[in-house]
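**Student:** Once you've had a glance at the structure underneath, I'll fire off some questions.
The values are calculated or read from the model by the stated rules, or taken from the named source; none is laboratory data. Every value quoted in this text rests on a predicted model; they were computed, and no experiment measured them. Because the Cβ atoms are built from the backbone with ideal geometry, glycine has one as well, and the counts that use them run over all protein chains shown. For accessibility, only protein heavy atoms count, side chains too; no ligands or nucleic acids. Shrake-Rupley method; radii C 1.70, N 1.55, O 1.52, S 1.80 Å.
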Amino acid sequence: MAKELIRLEDCVVRFDDEVILDSVNLKINDGEFLTLLGPSGCGKTTTLRIIGGFLEPTSGNVYFDGVRINHIPSHKRKINTIFQRYALFPHLNVFDNIAFGLRVAKVKEDEIDERVAEMLKLVSLRGFEERKITALSGGQQQRVAIARALINKPKVLLLDEPLGALDMRLRKDMQNELKRIQKQLGITFIYVTHDQEEALAMSDTVVVMDKGVIQQIGTPQDVYNEPKNAFVADFIGESNILDGVMLSDKLVLMFGRKFKCVDKGFAANEPVDVVIRPEDVDIVPADSRHLCGTVTGVTFKGLHYDIIVDFYGFKWLIQTTDYHEVGSYIGIDIHPEEIHIMKKSAYSGMFGDYSSYSEEYDEINDPSIVYGEDPGEEEYYES
Amino acid sequence: MRVRGLASPYLAWMSIFIILPLCAVVYYAFTDSVTGEFTLRNIVSIGNYWPILIKSIWLALVSSLICLILGYPVALAIARAKQSRQRFLILLVMLPMSMSFLLRTIAWVSLLEDTGIINNILGKFGISPLPLIRNNGAVVLGMVYNYLPYMILPVYTVLSHIDPSLIEAAKDLGCNRTQVFLKVILPLSVSGIISGVSMVFVPAVSTFYISKKLGGSGTTMIGDVIESQFKTAYNPNLGAAISLVLMVMVFICIGLMERFSGSEEREALM
Ligand SMILES: Nc1ncnc2c1ncn2[C@@H]1O[C@H](COP(=O)(O)OP(=O)(O)OP(=O)(O)O)[C@@H](O)[C@H]1O
Ligand SMILES: [Mg+2]
């Protein structure tokens, strides 16, 4: 069984009466790769700062290895950080920046030389030793920051969007590299990103946050397949989120039709949110036995087409490898396992409708944009 | 082109009030006071004033150093205060500057005199008057008091622009408070120290009023000599020559300091 290393207990952070973090409870195991995922301003960096020792929670406890560390200053914690804006020392060159932690720890110079060289190789910056920090590109600075933290072989590494400034290719390479280092050295990684793909690909555990509140903690599969509420369903991947009514266990009513599903434990006739992932919908010829709608938009995405289908005024996003013309009338079939039922939450009705999809298109593809605030057009199907 | 046009009033101002007087100084320095002919005599006779010149430089250096030792912690404390508090504290630092320099110096005279306030109070306790005035110490005190804000302000400006995340990074990498200071804050504030030292040193080395009021016969400074050449000895040519030499030396000093500070620190400020 994995051993618990860090625990946040009812941590609240307030700045001038504004609640930034609201009773955060989080357990992090030794050697775990945990990712904090959420839109900008949701409190990811703040959570990291608590763990790193740069911020004391207004209330609540922080434990490291079972010991309360609220008052332990950061230089005494066995934790290193890769800061969101790198925070490299401008008066030192690349070598001296990376060697900084070892010099503070009074490591011998020959060993420092060796370990810095190793790190430079790791982040592909060999030959940059003498470079000034100001003469590096954003991505190079980011890699120096990674090397500067990793060289200390910390027990826990906090990474605040460490790959944000890298291009796609380098980003993928570094993702693999970081993951490999984490496995190899057995370091606990607490990783911050607002890129859900990165979070799903790299983590053992994903923590989805919004507005200072943890929305869901789970494995990447859990948060993708079993989102707890509309926010999580929408933030992670694409989702059609529909209003439904739970008729009985394993039976849900949508669009006046009964659908079999696999969820149970709801009250009879309880209103629920239903999540259907765009890739889980099968397209069939239109007939009376299936829910039918009209295709209103098609976009080629390389591997598949994104098509928008209008069902009684509610627009779905469906991904299919077959081309369907705009205007064609199609039916859909959904397997019971592909229907995911969620309890109603404060986020119900705010997400999951693709009526304004074409306008939103670019935003959806840009992970840096918060679209949590926009409730979208609300169109309900009257049953 | 427009930019140059906008700068022209400033250029005119510069040439009338800075370049022209400089030319006048050079002209006087190399001409004879009676005949008005070209001569090197003024420059040569500065030799007589070497000891005074050296002493002035020495006192100015000591004052700059004391200003640095006193001013740096003050600047650091202000830079670490709350944002809203900082402006008020800076205002406090600048407050004495709004009072006449002469008045401030005279105030010290009445404090330090043998019959002054301090010795009066000491006398009440039966302590005989201390020689607080008319010595090097009093001159240095006067200079430190007058020029301290010129040290605090540039150092504060540099310190307050250091990215707080650099300090966090240093702590993250294992530095305690002393190490954070020595390894990050101090090296990043070198440019502020350099400009603070220059801003204290330059006026201190050429000051004449402070030494006249607070110093004794042995603490005549080069500024006093220059002043007397114009006012009492009626040898403006010699005065100009000394000024010129002093100016050249100050420029060399500043140039050297800039050299040593290197270009790195300036980049660090960006
Ligand atoms: N020192 C501070 N004083 C007041 N408010 C703050 C302070 N630091 C952060 N905040 C606020 O706390 C909230 C959460 O900030 P945080 O930096 O944790 O967000 P984040 O999730 O890291 O966002 P991003 O993805 O943009 O980095 C924000 O609304 C921010 O404005
Ligand atoms: Mg952040």
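**Student:** Checking buried surface per residue: for segment A:45-77, which residues lose a minimum of 10 Å² accessible area in the protein assembly relative to the chain alone (1.4 Å probe)?
**Tutor:** Residues shielded by partner chains are A:ARG49, A:PHE54, A:SER74, A:HIS75.
**Student:** For a test of understanding, tell me how many lysine pairs in chain B have Cα atoms under 20 Å apart, given they are 8 or more places apart or on different chains.
**Tutor:** Lysine pairs meeting the criterion: 5.
**Student:** What value, in deg cm²/dmol to 500, does the helix sum -39500 (n - 2.57) over DSSP H runs of n ≥ 4 give at 222 nm once divided by the residues of chain B?
**Tutor:** Using -39500 (n - 2.57) per qualifying helix, the result is -22500 deg cm²/dmol.
**Student:** If you fit an axis through the alpha-carbon atoms of helix A:109-122 and take the longest principal axis of the Cα set of chain A, what angle between them do you get, 0 to 90°, nearest 10?
**Tutor:** With both axes taken from Cα atoms, the answer is about 20 degrees.
**Student:** Still on this structure, please answer the following. Please compute the modelled spin-label separation between A:LYS153 and A:GLU18, points set 7 Å along Cα→Cβ, answer in nm with one decimal.
**Tutor:** Taking the simple label geometry, A:GLU18 and A:LYS153 are separated by 4.3 nm.
**Student:** Run the numbers on segment A:4-225 and let me know its relative contact order in percent, using alpha-carbon pairs under 8 Å that are six or more apart.
**Tutor:** 29 percent
**Student:** Can you list the aspartates and glutamates whose alpha carbon is less than 19 Å from that of A:LYS260, not counting same-chain residues fewer than 8 positions off?
**Tutor:** A:LYS260 reaches A:GLU226, A:ASP243, A:ASP249, A:GLU270, A:ASP273, A:GLU279, A:ASP280, A:ASP282, A:ASP287, A:ASP333, A:GLU337, A:GLU338.
**Student:** Sum -39500 (n - 2.57) across every DSSP H segment of at least 4 residues in chain A, then divide by the residue count to get the 222 nm mean residue ellipticity, nearest 500.
**Tutor:** Value at 222 nm, helices only, nearest 500: -7000 deg cm²/dmol.
**Student:** For A:VAL19, what residues show an amide H to amide H distance below 5 Å, using hydrogens built from the backbone and excluding near sequence neighbours?
**Tutor:** Amide H neighbours of A:VAL19: none.
**Student:** With everything on Cα atoms, drop me the angle between helix A:138-150 and the longest principal axis of chain A, reported from 0 to 90° to the nearest 10.
**Tutor:** Taking the Cα atoms of chain A, the angle to A:138-150 is about 70 degrees.
**Student:** What percent antiparallel are the DSSP beta bridges of the protein assembly as shown, to the nearest 5?
**Tutor:** 80 percent
**Student:** Could I ask something else about it? Would you work out if segment A:102-251 is rounded, prolate or oblate? Take a ≥ b ≥ c from the square roots of the eigenvalues of the alpha-carbon gyration tensor; rounded if a/c is under 1.5, else prolate when a/b is larger than b/c, oblate otherwise.
**Tutor:** It comes out prolate by the Cα gyration axes.
**Student:** Same structure, new question: Note down the relative contact order for chain A as a percent, whole number, built from C-alpha pairs under 8 angstrom at least six residues apart.
**Tutor:** Computed over chain A, the figure is 15 percent.
**Student:** Related question: State the answer as a single residue: which of A:ASN93, A:ALA268, A:LEU251 lies farthest towards the positive end of the charge dipole of the protein assembly as shown, with beta carbon charges of +1 for Lys and Arg and -1 for Asp and Glu, about the Cα centre.
**Tutor:** Checking the options against the dipole of the protein assembly as shown, the answer is A:ASN93.
**Student:** Just to be sure I understand: of the beta bridges DSSP finds with both ends in segment A:4-225, what percent are antiparallel, rounded to 5?
**Tutor:** 55 percent
**Student:** State the antiparallel share, in %, of DSSP beta bridges confined to chain A, rounding to the nearest 5.
**Tutor:** Taking every DSSP beta bridge within chain A, about 75 percent pair in antiparallel fashion.
**Student:** Mind checking the mean number of beta-carbon atoms from other chains within 10 Å of the Cβ atoms in A:99-106?
**Tutor:** Mean shielding count: 4.
**Student:** Does the protein assembly as shown come out rounded, prolate or oblate, given a ≥ b ≥ c as the square roots of the eigenvalues of its C-alpha gyration tensor, rounded meaning a/c under 1.5 and, failing that, prolate meaning a/b above b/c?
**Tutor:** Since a/c reaches 1.5 and a/b is larger than b/c, the shape of the protein assembly as shown is classed as prolate.
**Student:** Let's see if you can work this out: charge +1 on each Lys and Arg Cβ, -1 on each Asp and Glu Cβ, no other charges. What is the dipole magnitude of the protein assembly as shown about its Cα centre, in debye to the nearest 20?
**Tutor:** Dipole size: approximately 4380 debye.
**Student:** Give the residue from A:GLN182, A:VAL19, A:THR47 lying farthest towards the positive end of the charge dipole for segment A:4-225; charges sit on Cβ (+1 for Lys and Arg, -1 for Asp and Glu) and the dipole is referred to the Cα centre.
**Tutor:** A:GLN182
**Student:** Of A:LYS179/A:LYS315; A:LYS132/A:LYS155; A:LYS183/A:LYS301; A:LYS179/A:LYS343, which pairs sit farther than 32 Å apart, going by alpha carbon to alpha carbon?
**Tutor:** A:LYS179/A:LYS315; A:LYS183/A:LYS301; A:LYS179/A:LYS343
**Student:** Report, to the nearest 10°, how far helix A:94-104 tilts away from the longest principal axis of the Cα atoms in chain A, using its own Cα long axis and a range of 0 to 90°.
**Tutor:** 70 degrees
**Student:** Using Cα-Cα distances under 8 Å and only pairs 6 or more residues apart, what relative contact order does segment A:40-91 have, in percent?
**Tutor:** Relative CO of segment A:40-91 lands at 28 percent.
**Student:** Mean Kyte-Doolittle hydropathy of 1.6 or higher plus an axial Cα length of 18 Å or more: which whole DSSP H helices in chain B meet both?
**Tutor:** Passing helices, by number: B:50-80, B:190-205, B:236-261.
**Student:** Based on alpha-carbon centroids, what's the gap between segment A:177-209 and segment A:90-127 in Å, whole number please?
**Tutor:** 25 Å
**Student:** Something else: As a test of the definition: with a 1.4 Å probe, what buried accessible area, both sides summed, do you compute for A against B, in Å² to the nearest 100?
**Tutor:** Using a 1.4 Å probe on protein heavy atoms, the buried area is about 1900 Å².
**Student:** Where a ≥ b ≥ c are the square roots of the eigenvalues of the C-alpha gyration tensor, would you call chain B rounded, which needs a/c under 1.5, or, failing that, prolate if a/b is larger than b/c, or oblate?
**Tutor:** Cα axes put chain B in the oblate bin.
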